[in-house]
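> After the structure tokens below, expect a handful of questions from me.
The values are calculated or read from the model by the stated rules, or taken from the named source; none is laboratory data. Small disclaimer: the values here were computed from a predicted structure and weren't measured. Quick reminder, even Gly has a Cβ in these numbers, built from the backbone with ideal geometry, and neighbours come from all protein chains shown.
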Ligand SMILES: *Cc1c(COP(=O)(O)O)cnc(C)c1O
């Protein structure tokens with residue numbers, strides 16, 4: 001077998017392949033709706049494409065209320081504000097920073113609980129141990145688009161009288177026993193930003209069956225204004241524009257085919273890589289469908305002879321983008337420095353996953369040939385593990 005590029009072989013990708021690309025509807029499909037928005041001059045806060053996007057999202061998700069917002073971050077902030085949460089909220093540390101930031105912006109205390117090593121998801125037993133008298137909610141996340149253990153987490157929240165919120169940023173299109181993610185807990189919040197599977201350029205969607213929560217999020221995205229400019233509370237400008245809604249609406253119509261494509265490509269990756277020592281994958285809970293927002297590997301240095309960061313350098317030499325999602329995890333970020341000391345000892349699995357996980361290229365319109373080429377590069381690197389490790393450390 002050829003040598004990997006980091007050891008002097010010819011790079012597999014002469015034009016580098018990025019870790020992700022947004023998959024967008026064809027321009028022809030969008031053109032007439034975009035022209036309608038631009039020619040009408042009605043760009044935001046009107047009852048047209050945003051409302052249509054919300055109705056189609058409600059139908060897709062099987063929820064009573066879908067409320068389009070400017071981002072998942074603003075949606076999480078508004079949802080938790082609307083719920084009037086107080087004190088502490090239990091959440092994973094192995095997630096994207098915005099999960100925690102939404103708490104901090106509400107003056108809530110993040111209480112980090114460990115994840116499960118195999119699924120990378122918030123571990124319900126560790127979450128249970130983290131609950132105190134001061135806790136008002138559990139904030140779960142569907143990691144990389146794979147549904148977390150909603151049944152156990154929701155049962156825990158209900159039994160302790162806590163609110164149950166899901167950061168569903170990765171998971172528009174995910175399913176649990178055929179039922180779409182979005183209808184679990186008290187509220188779930190999606191992201192529609194360009195790195196996610198369903199894209200509106202920037203945007204988010206708050207999904208809930210709770211009428212009062214929905215009402216508050218609707219006015220909260222409009223400064224807290226119930227319609228008469230006598231604001232009920234200090235809200236945000238977190239509206240979605242009509243242009244973003246056109247993109248989101250059309251993207252939603254392609255969502256299932258895009259999720260299916262990602263699942264097929266992941267199956268192909270796993271088949272290609274089945275003989276490679278030292279790679280493990282995120283495990284999925286039975287009966288769930290992941291969106292594969294990311295395809296994440298666990299790189300086991302003891303078996304491959306090369307650590308995660310050196311492996312990533314070797315991929316880069318072969319023209320392949322990758323990213324250590326999520327390292328550092330929240331409790332190791334400067335923004336959460338005050339929680340680090342007490343969290344560190346309680347989060348051994350978070351530490352393991354954060355130090356070994358690497359997301360590799362996957363997007364909905366990625367070709368099978370590119371999956372095969374990335375797989376070939378990984379095979380070459382793994383076959384020369386020790387030498388690659390040494391070369392990467394020297395570079
Ligand atoms: C991307 C992401 C967010 C933030 O979404 P925005 O729409 O960019 O605000 C929140 N949580 C998780 C887990 C994410 O990956």
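> I'm trying to understand the selection: among the residues of the range 78-90, which are farther than 14 Å from residue 164 by Cα and either in a strand (DSSP E or B) or within 16 Å of the ligand (Cβ to nearest atom) (or both)?
Of everything in the range 78-90, just one residue is farther than 14 Å from residue 164 by Cα and either in a strand (DSSP E or B) or within 16 Å of the ligand (Cβ to nearest atom) (or both), namely 78.
> Evaluate the range 203-224: report whether one residue or more is closer than 19 Å to residue 364 by Cβ and modelled with pLDDT of 95 or more.
Yes - at least one qualifying residue is present in the range 203-224.
> Tell me, which residue of the range 223-256 that is in contact (Cβ under 8 Å) with a residue 40 or more places away in the chain and assigned to a loop (DSSP other than H, G, I, E, B) is nearest to residue 200 (Cα to Cα)?
240
> Oh, and also: With the condition kept exactly as written, say whether any residue in the range 302-312 is part of a helix (DSSP H, G or I) and free of Cβ contacts under 8 Å to residues at least 40 places away in the same chain.
yes
> Right, something else. Which numbered condition trips up residue 192, out of (1) touching a strand residue (DSSP E or B) at 6+ places or on another chain (Cβ under 7 Å); (2) more than 21 Å from residue 362 (Cα to Cα)?
Evaluating residue 192 over (1) touching a strand residue (DSSP E or B) at 6+ places or on another chain (Cβ under 7 Å); (2) more than 21 Å from residue 362 (Cα to Cα) leaves (2) as the failure.
Yes/no per residue for (1) within 22 Å of residue 222 (Cα to Cα); (2) within 15 Å of the ligand (Cβ to nearest atom); (3) buried (at least 24 other Cβ atoms within 10 Å of the Cβ):
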residue	(1), (2), (3)
69	yes, yes, yes
76	yes, yes, yes
92	no, yes, yes
96	no, yes, no
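> Please specify each residue of the range 338-361 satisfying the condition of being part of a loop (DSSP other than H, G, I, E, B) and either surrounded by fewer than 23 Cβ atoms within 10 Å (Cβ to Cβ) or on the phi > 0 side of the Ramachandran plot (or both).
Correct list: 345, 346.
> Suppose we keep only residues that are under 23 Å from residue 142 (Cβ atoms) and touching a residue at least 60 places away in the same chain (Cβ under 8 Å) within the range 313-324. Which one would you say is surrounded by the most Cβ atoms within 10 Å (Cβ to Cβ)?
Among residues in the range 313-324 that are under 23 Å from residue 142 (Cβ atoms) and touching a residue at least 60 places away in the same chain (Cβ under 8 Å), the one surrounded by the most Cβ atoms within 10 Å (Cβ to Cβ) is 322.
> Sticking with this one: Across the range 98-117, which residue is surrounded by the most Cβ atoms within 10 Å (Cβ to Cβ) among those that are in contact (Cβ under 8 Å) with a residue 12 or more places away in the chain and in a loop (DSSP other than H, G, I, E, B)?
114
> Taking the stated definitions as given, is residue 58 closer than 19 Å to residue 185 by Cβ, away from the ligand (no atom under 16 Å from the Cβ), under 23 Å from the mean Cα position of the chain (by Cα) and assigned to a helix (DSSP H, G or I)?
Criteria met by residue 58.
> Is it the case that the range 229-236 has a residue that's surrounded by fewer than 17 Cβ atoms within 10 Å (Cβ to Cβ) and either within 30 Å of residue 26 (Cβ to Cβ) or within 15 Å of the ligand (Cβ to nearest atom) (or both)?
No: zero hits.
> Looking at the range 39-55, is at least one residue within 16 Å of the ligand (Cβ to nearest atom), at pLDDT 95 or above and under 15 Å from residue 167 (Cα atoms)?
No, every residue in the range 39-55 fails to be within 16 Å of the ligand (Cβ to nearest atom), at pLDDT 95 or above and under 15 Å from residue 167 (Cα atoms).
> Here is a follow-up. List, please: which pairs have Cβ atoms under 6 Å, are six or more places apart or on different chains, and start with a residue in the range 275-290 that is free of Cβ contacts under 8 Å to residues at least 24 places away in the same chain and end with one that is surrounded by 14 or more Cβ atoms within 10 Å (Cβ to Cβ) and in a strand (DSSP E or B)?
If the second residue must be surrounded by 14 or more Cβ atoms within 10 Å (Cβ to Cβ) and in a strand (DSSP E or B), the pairs left are 280/298.
> Separate question: Could you tell me whether the range 102-114 includes any residue that is out of contact with any helix residue (DSSP H, G or I) (no Cβ under 8 Å at 6 or more places or on another chain), closer than 26 Å to residue 235 by Cα and away from the ligand (no atom under 11 Å from the Cβ)?
The answer is yes, given that some residue of the range 102-114 is out of contact with any helix residue (DSSP H, G or I) (no Cβ under 8 Å at 6 or more places or on another chain), closer than 26 Å to residue 235 by Cα and away from the ligand (no atom under 11 Å from the Cβ).
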